[in-house]
Amino acid sequence: MSNSNHSPTPSKRLNDVSVEELTTLLSGDPKEAAQWIKAAAEQGITEAQALLGQILLDGRGLAKDEALARTWFAKAAESGHLIAVNMIGRCHENGWGGEIDMVEAAKYFREAAAQGLDCAMYNYANLLLHGNGVKKDEQLALDWYRQAAARGYAKALGVMGRFYEEGWTVERNPELAAEYYQKSAEGGDFRGQYNHALILAENARMTESVEWMQKALAGAHLNFSRVMAENLSSFPHPEFHVVALQAFEKCCQSGDANDYFAYAQALLKHHSTSENSMLARIWLNRAADNGHAVAKQQLASTFHTSLN
């Protein structure tokens, strides 16, 4: 059968596509966009090679393949693509596509940081702060965080806030810490948003505080969501208890019986309504069904007579 009525493949059409047409293609269906990026990468376009690495790492539009992602990052890095250099460092740091090697991670982060990449400055500073792959050096870590923060990198701004709040290698300065947290929050970092919200609460600005706390929860990964859930449930502000319940519920997306159980306990702690009590029983049942022994015991002792 003739293929004359079919559109040319991306690799054949690539040189004939206008910038506007390519932009439209890349913003459309992820699978189609991935094919265009792959074609461009195979033709040696550095930016496409770095993008292809990220696509393969995320499994967006193409099957997830961490080893192949690392290969494409390496190709882009050879041409001086700083994001790709940083991403090779991330691959070594997290074991994506190979073994974890913190020394190699530090090498790549340092290389990209020295050439002015803010996220690499932050990543390298993290290793220095904790002594991972490099000799622990809090002062040098602070210097790199400061450089990244000066470029507006939101995560670094948040860590600068911690330095001044806790007095790490600098004199404590709560006012400056608050400024850094606010800038970090406005830059979109969930940790900065969380800390900014806490400071707003300390100043009795609870409406604003809750708004920032909910933004933090929306962007937080699972581990930080768990921290938020536990911390907020212990604060005296009733407004935070509502966000805490939202955080416990979000953590249940993990499918972990411990998260189911924790959410049930939080609901029981705030069991002023029969609805909360019934919802707690549902989550205890889910925890029990997933092998949580304490949940089984609690169902038998707490709910046997009251709800059966």
Region 126-282, dipole about Cα centre (Lys/Arg Cβ +1, Asp/Glu Cβ -1), debye to the nearest 20: 320
Among 245, 200, 294 the positive-end extreme of the charge dipole of the chain (Cβ point charges): 294
Tensor-based shape of region 131-282 (alpha-carbon gyration tensor, a/c under 1.5 rounded, otherwise prolate or oblate): prolate
Given charges at beta-carbon only (K, R positive; D, E negative), |dipole| of the chain in Debye: 480
Cα shape, region 26-100, gyration tensor, a/c 1.5 rule: oblate
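Enumerate the helices in the chain for which the Kyte-Doolittle hydropathy averages 0.0 or more and the C-alpha atoms extend at least 15 Å along the helix's axis, using complete DSSP H runs. Intermediate results must be reported in sequence, preceding the final value.
Working: long enough: 30-42 (18 Å, -0.56); 46-58 (18 Å, 0.63); 66-78 (18 Å, -0.11); 82-94 (18 Å, 0.35); 102-114 (18 Å, 0.09); 118-130 (19 Å, 0.24); 138-150 (18 Å, -0.45); 154-166 (18 Å, -0.09); 174-186 (18 Å, -1.05); 190-202 (18 Å, -0.11); 206-219 (20 Å, -0.13); 222-234 (19 Å, 0.07); 238-251 (20 Å, 0.34); 257-269 (18 Å, 0.05); 274-289 (22 Å, -0.38).
Passing helices, by number: 46-58, 82-94, 102-114, 118-130, 222-234, 238-251, 257-269.
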Full-stretch length increase - residue 140, residue 186 - with 0.36 nm per residue and alpha-carbon distance subtracted: 14.0 nm
Where trypsin sites (Lys or Arg not before Pro) fall in DSSP loop in region 57-159, at most 15 other Cβ within 10 Å: 60, 64, 135, 136, 151
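With +1 assigned to the C-beta of every Lys and Arg and -1 to the C-beta of every Asp and Glu, and no other charges, what is the dipole magnitude of region 26-100 about the Cα centre in debye, to the nearest 20?
Numbers: 7 positive and 10 negative charges, 7 e Å.
Dipole magnitude for region 26-100 comes out near 40 debye.
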Helix-only [θ]222 nm of the chain, DSSP H runs n ≥ 4, -39500 (n - 2.57) each, per residue, nearest 500: -22000 deg cm²/dmol
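In terms of the Cα gyration tensor, with a ≥ b ≥ c the square roots of its eigenvalues, is the chain rounded because a/c is under 1.5, prolate because a/b exceeds b/c, or oblate? Don't skip to the end; give the middle numbers.
Details: a/c = 2.20, a/b = 1.38, b/c = 1.60.
Since a/c reaches 1.5 but b/c is at least a/b, the shape of the chain is classed as oblate.
No value in this document is a laboratory result; all are computed from the given coordinates. As the structure is a prediction and not an experimental result, all values here were calculated from the model. Every residue, glycine among them, receives a Cβ derived from its backbone with ideal geometry; neighbour counts consider all protein chains shown.
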